[in-house]
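Beneath this line is the structure, given in structure tokens, with notes to follow.
No value in this document is a laboratory result; all are computed from the given coordinates. Since this is a predicted model, take the numbers as computed values, not measurements. Note that we place each Cβ from the backbone using ideal geometry, even for glycine, and neighbour counts take in every protein chain shown.
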Amino acid sequence: MERTLVLIKPDGVRRNIIGEVISRIERKGLKIVALDLRTLDAETAKTHYEEHAARPFFESLVEFITGGPLVAMVVEGERAVEAFRALAGATDPVQAAPGTIRGDFALEVQQNIVHGSDSTYSADREIKLFFPDLA
Ligand code: GTP
Ligand code: MG
């Protein structure tokens, strides 16, 4: 079964909407197979977002994602990567459709509540980074 890495970013934890996000994942029919509340170190954050290393917002993104505890999850189901990206909505929360997580709960592009792997290839890499012991 397909798996994806989902993060409830520090802004989502700070705003007490962990339950809200998890509830949407469960309602959709996706299964949570690993879950952990943790604060990322800069090295892990940089590896996670390495595709954005040359972007002007990279430093700010690393600071944000390491700035407080986040929830890391492995989510499993039919086309889980695409299914979660659809639940999350567009990267820019102003563009994200109402009814999506970002569309309903966020206004700023950096503080957009959740991360979801963008391909099965990324999911593999990210799940190994966050949950190296997961079978
Ligand atoms: P992730 O699931 O978090 O990877 O989001 P995404 O795949 O929808 O977007 P992308 O990978 O392009 O960007 C990664 C993250 O960087 C976004 O989710 C935002 O938190 C942040 N980000 C993206 N674009 C910008 C930007 O223009 N400015 C700032 N400050 N942050 C950005
Ligand atoms: Mg991305």
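Under a point spin-label approximation (7 Å from Cα along Cα-to-Cβ), what is the residue 108-residue 44 distance to one decimal in nm?
2.3 nm
Please list log₁₀ I(q)/I(0) at q = 0.12, 0.17 Å⁻¹ for region 33-100, using the Debye equation with identical point scatterers on the alpha-carbon positions.
-0.42, -0.85
Please give every one of the lysines within straight-line cross-link reach of residue 128, meaning a C-alpha to C-alpha distance under 23 Å, and leave out same-chain neighbours fewer than 8 residues apart.
List returned: 9, 31, 46.
Output the direction-averaged projected area (hull surface divided by four) of the convex hull of the alpha-carbon atoms of region 67-110, in nm².
Taking a quarter of the hull surface, the average projection is 3.7 nm².
What FRET efficiency would be calculated for the residue pair residue 23, residue 2, taking the C-beta separation as r and a Förster radius of 35 Å, to the nearest 0.05?
0.95
Check residue 70: other-chain or 5+ apart residues with amide H under 5 Å from its amide H, H built from backbone geometry?
38, 39, 40
What ranking do 11, 124 get, fewest neighbouring Cβ atoms within 10 angstrom at the top?
Fewest-to-most Cβ neighbours within 10 Å comes out as 124, 11.
Would you mind computing Rg(Cα) / (2.2 N^0.38 Å) for the chain, counting N as its residues?
Normalised Cα radius of gyration, the chain: 0.96.
Could you give the length gained by full extension between residue 128 and residue 34, i.e. 0.36 nm per residue of separation minus their alpha carbon distance, to one decimal place?
Result: 32.6 nm gained on full extension.
So what's the net charge close to residue 78: Lys and Arg +1, Asp and Glu -1, counting the other residues with Cβ under 12 Å from its Cβ?
Working: positive: 3, 28, 31, 79; negative: 2, 76, 82.
That works out to +1.
Which value at 222 nm does the chain reach when only helices count, each DSSP H run of 4 or more adding -39,500 (n - 2.57), with the total divided by all residues and rounded to the nearest 500 deg cm²/dmol?
-11000 deg cm²/dmol
Of all DSSP beta bridges located in region 3-130, what percent are antiparallel, nearest 5?
The antiparallel proportion sits near 95 percent.
List the trypsin sites (Lys or Arg not before Pro) within region 55-135 that DSSP assigns to loop and that have no more than 14 neighbouring Cβ atoms inside 10 Å.
Answer in residue order: 79.
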